[in-house]
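Beneath this line is the structure, given in structure tokens, with notes to follow.
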Amino acid sequence: MIEISRLSKRYGGRTAVDDVSFTARPGRVTGFLGPNGAGKSSTLRVLLGLDAATGGTALIGGKRYRDLRCPLRTVGALLDGAGPVPERRAVDHLTWVARSNGIGRSRVREVLDVVGLGDVARQRVKKYSLGMGQRLGIAAALLGDPEVLVLDEPVNGLDPDGIRWIRRLLRDHAASGRTVLLSSHLMTETAGTADDVVIIDRGRVVTQGSLAEITAGHPSLEEAFFALTGDRNAPGR
């Protein structure tokens, strides 16, 4: 389980995350939604130990990320903009990540096949398309067969087949009793995957609940966003 409690994060005089609280539960895909700059990535960076919280807590299985003994075996993550060294071959990148967490080479080959990169595993990352790079990032997140997946904008660069593939992957992960936190500004896409929704805007949680609860009385998730925030430029429109 992911538990965010009264989390705040300030960068100098700017408040990026303001008293945010929500839970992502096992067996569910939780969509963490909002426009660019809403505070999603800052929340995830604190959750994954990349930034220190100004206040509050962000826990995975009741522990801070830095206190996990084998992080990759507990939580797999893909953050938007993160990536391997372009000159490195994909298989070498994953092998390096695997070794850092005591994971065998056989698992590297397994996840490359899972994400559809088995035939191009020895290509250098600089030759990959944006979609292939996204698949490589997802492969790294899956290496430890984690109980928790945290993915930031995972459909970036994926074609329609790739989007359908990532939907199935996330649904299957949740169906096996694991936790999935999916951060995105694409409301329509996330509505096809998420069980629960947390909407954040200007650093604060606007609403949260099941997808059915959030969209009750509205024709779409975008329209629900507008009703809650008054912002007609709903993300993903």
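The values are calculated or read from the model by the stated rules, or taken from the named source; none is laboratory data. This one's a predicted model, so the numbers in the text were calculated from it and none came from an experiment. Here the Cβ is made from the backbone with ideal geometry for all residues, glycine too, and neighbour counts use every protein chain on show.
Would you mind telling me which numbered condition in (1) closer than 22 Å to V97 by Cα; (2) in contact with a Gly (Cβ under 7 Å, 6 or more places away or on another chain) T190 fails? Among (1) closer than 22 Å to V97 by Cα; (2) in contact with a Gly (Cβ under 7 Å, 6 or more places away or on another chain), the lone unmet condition for T190 is (1). Scanning segment 94-132 for residues that are surrounded by fewer than 14 Cβ atoms within 10 Å (Cβ to Cβ), in a helix (DSSP H, G or I) and of a type in the set (S, T, N, Q) gives S100, S106. If the condition is being more than 20 Å from G62 (Cα to Cα), over 15 Å from the mean Cα position of the chain (by Cα) and in a loop (DSSP other than H, G, I, E, B), then segment 1-34 contributes G12, G13.
P86 falls short on exactly one of the conditions (1) closer than 28 Å to S184 by Cα; (2) surrounded by 18 or more Cβ atoms within 10 Å (Cβ to Cβ), and that condition is (2). The residue list V108, V97 contains one member that is in contact with a Ser or Thr (Cβ under 6 Å, 6 or more places away or on another chain), touching a residue at least 24 places away in the same chain (Cβ under 8 Å) and of a type in the set (A, V, I, L, M, F, W, C), which is V108. With respect to the conditions (1) modelled with pLDDT of 90 or more; (2) buried (at least 16 other Cβ atoms within 10 Å of the Cβ); (3) in contact with a strand residue (DSSP E or B) (Cβ under 8 Å, 6 or more places away or on another chain), H185 lacks only one, and its number is (1). Filtered by the rule that a residue be surrounded by 15 or more Cβ atoms within 10 Å (Cβ to Cβ), in contact (Cβ under 8 Å) with a residue 40 or more places away in the chain, over 14 Å from E147 (Cα atoms) and not β-branched (V, I, T), segment 49-63 gives D51, A53, G56, A58. Filter segment 146-167 down to residues that are more than 15 Å from the chain's Cα centre (by Cα) and either part of a helix (DSSP H, G or I) or modelled with pLDDT of 95 or more (or both) and give me whichever is surrounded by the fewest Cβ atoms within 10 Å (Cβ to Cβ). Among residues in segment 146-167 that are more than 15 Å from the chain's Cα centre (by Cα) and either part of a helix (DSSP H, G or I) or modelled with pLDDT of 95 or more (or both), the one surrounded by the fewest Cβ atoms within 10 Å (Cβ to Cβ) is P160.
Would you check if I214 is crowded, with 16+ Cβ neighbours inside 10 Å, of a type in the set (V, I, T), under 13 Å from F32 (Cα atoms) and touching a residue at least 40 places away in the same chain (Cβ under 8 Å)?
Working: crowded, with 16+ Cβ neighbours inside 10 Å: yes; of a type in the set (V, I, T): yes; under 13 Å from F32 (Cα atoms): yes; touching a residue at least 40 places away in the same chain (Cβ under 8 Å): no.
Spelling it out, it is not the case that I214 is crowded, with 16+ Cβ neighbours inside 10 Å, of a type in the set (V, I, T), under 13 Å from F32 (Cα atoms) and touching a residue at least 40 places away in the same chain (Cβ under 8 Å).
So, in segment 36-48, how many residues would count as being assigned to a loop (DSSP other than H, G, I, E, B) and in contact (Cβ under 8 Å) with a residue 40 or more places away in the chain? It would help to see each step written out before you state the result.
At the first step, the residues of segment 36-48 found to be assigned to a loop (DSSP other than H, G, I, E, B) are 36-39, 48.
Of the ones still in play, those that are also in contact (Cβ under 8 Å) with a residue 40 or more places away in the chain are 36, 38-39, 48.
Within segment 36-48, residues that are assigned to a loop (DSSP other than H, G, I, E, B) and in contact (Cβ under 8 Å) with a residue 40 or more places away in the chain number 4.
For segment 36-48, a residue qualifies if it is closer than 13 Å to A16 by Cα, surrounded by fewer than 21 Cβ atoms within 10 Å (Cβ to Cβ) and of a type outside the set (G, A, S), and the qualifying residues are N36, R45.
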